[in-house]
Structure formats: structure tokens, C-alpha cells
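Scroll down for the structure; my scribbles are underneath it.
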Amino acid sequence: MNYMDTRAYLIDPVRKSVFQIKYSYLGDYMETARAIGAPYVDAVNLDDKHCVWVDDEGLFRRHVWLWDIKSKFHPKGKRLAGLGLVTGYDDEGETVPPTMSIDELNDSLTFDQHPLIRKDMA
């Protein structure tokens, strides 16, 4: 397995910001899970070259920070929760650095001002 340092964009809905990060992708989903602090991850395709990785259990957290992202596949916006990690993917489905700029990503995001607080959780 090839080791590759990969550039990715971390969407932080608490700070309402996007950061470029460097993370190591070794073909194990746990690398991506660690980058967003999640036990399980799910990918949402944004277009033919990009996806955003999110916490698969993000809506079950006590404090849920929601945000929307508009993209080619979601022109009206897609509502997501928690941290997101935007990566690219190639023709074989392997993770590669995103080709979109951080400004393009910023322009596609809308953040909620306050978290959703689940009172049913102790």
C-alpha cells in the first residue's frame, strides 16, 4: 500500500470556517474518521471529483452543529452536521487532494448560528 500525504479541507461549523489540513490516507477509513473525530464516516459526493466526509452518527450527538453545502450534485444545498472533510477522488475512487479552491468551497457553505441541542440525551 502506498503512503501518501494528502491535502484536504476541514469544514468546522463551530468556528464557521474552512481550514486546509494535511492528513495521511492509507486506504483505511479510520484515517478519515480520526481527521473529523468520528467513529464512523460517510461520504457525500459533491460532484464528479469531490466528496465531503462526515460523521455517520453526527445527528445523534448532544450538540449538533448544522451547515449546508451547495454543489453540482446538490444545487439547492445539502444539510450536514458536524465536522466535514472535503477530498477529491480519482477515476478509480481513490482519495486525492481536492482540485477546488478553498474560496470556492467557502462560497458554497452556509453555517447555522447556533447548535441544535438535544435535550433527550444525558
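The values are calculated or read from the model by the stated rules, or taken from the named source; none is laboratory data. Because the structure is predicted, anything quoted here is derived from the model rather than measured. Glycine gets a Cβ as well: all are built from the backbone with ideal geometry, and neighbour counts include every protein chain shown. Side chains included, ligands, DNA and RNA excluded: accessible areas come from the protein's heavy atoms. Shrake-Rupley method; radii C 1.70, N 1.55, O 1.52, S 1.80 Å.
In order along segment 46-52, the phi-based Karplus estimate (6.51 cos²θ - 1.76 cosθ + 1.60, θ = phi - 60°) of 3J(HN,Hα) comes to 9, 7, 6, 10, 9, 9, 10 Hz; Gly and Pro are listed as x. Computed about the Cα centre, the dipole magnitude for the chain is approximately 700 debye when only Lys and Arg (+1) and Asp and Glu (-1) carry charge, each at its Cβ.
Between 89, 40, 29, the residue with the greatest mean-square fluctuation in the GNM of the chain (Cα pairs under 10 Å linked by springs) is 29.
When the listed pairs 16/76; 16/119; 16/49 are checked against a 31 Å cut-off, every alpha-carbon distance falls at or below it. Could you work out which residue, out of 26, 109, 85, moves most in a Gaussian network model of the chain, that is, has the largest mean-square fluctuation with Cα springs under 10 Å? In the Gaussian network model the winner is 26. For the chain, the share of accessible area belonging to carbon and sulfur comes to 51 percent (1.4 Å probe, ligands and nucleic acids excluded).
What's the longest bit of the chain with no exposed trypsin sites (Lys or Arg not before Pro), using DSSP loop states and at most 12 other Cβ atoms within 10 Å as the test? Before the final figure, lay out each step's value.
Numbers: sites that count: 15, 62, 72, 76, 118, 119.
Longest stretch, sites excluded: 16-61.
Heavy-atom accessible area, probed at 1.4 angstrom with all protein chains present, ranks 50, 74, 63 as 63, 74, 50, highest first. Remark: relative contact order (the chain) = 27 percent; criterion is Cα-Cα distance under 8 angstrom and separation of 6 or more residues.
The residues 11, 117, sorted by heavy-atom accessible surface at 1.4 Å with ligands and nucleic acids left out, run 117, 11 from largest to smallest. Between residue 112 and residue 57, the contour length at 0.36 nm per residue exceeds the alpha carbon distance by 17.9 nm. Here the sum of -39500 (n - 2.57) over DSSP H runs of 4 or more residues, divided by the residues of the chain, equals -3000 deg cm²/dmol at 222 nm, to the nearest 500. Averaged over its residues, segment 38-122 has an accessible area of 60 Å² per residue, based on protein heavy atoms and a 1.4 Å probe. Protein-only accessible surface at a 1.4 angstrom probe places the residues 30, 100 in the order 30, 100, largest first. The slack between residue 92 and residue 104, meaning 0.36 nm per residue of separation minus the straight C-alpha distance, is 1.9 nm. Among 93, 14, 114, whose Cα projects farthest towards the positive end of the dipole of the chain, with charges put on the beta-carbon of Lys, Arg (+1) and Asp, Glu (-1)? After comparing all options, I get 114.
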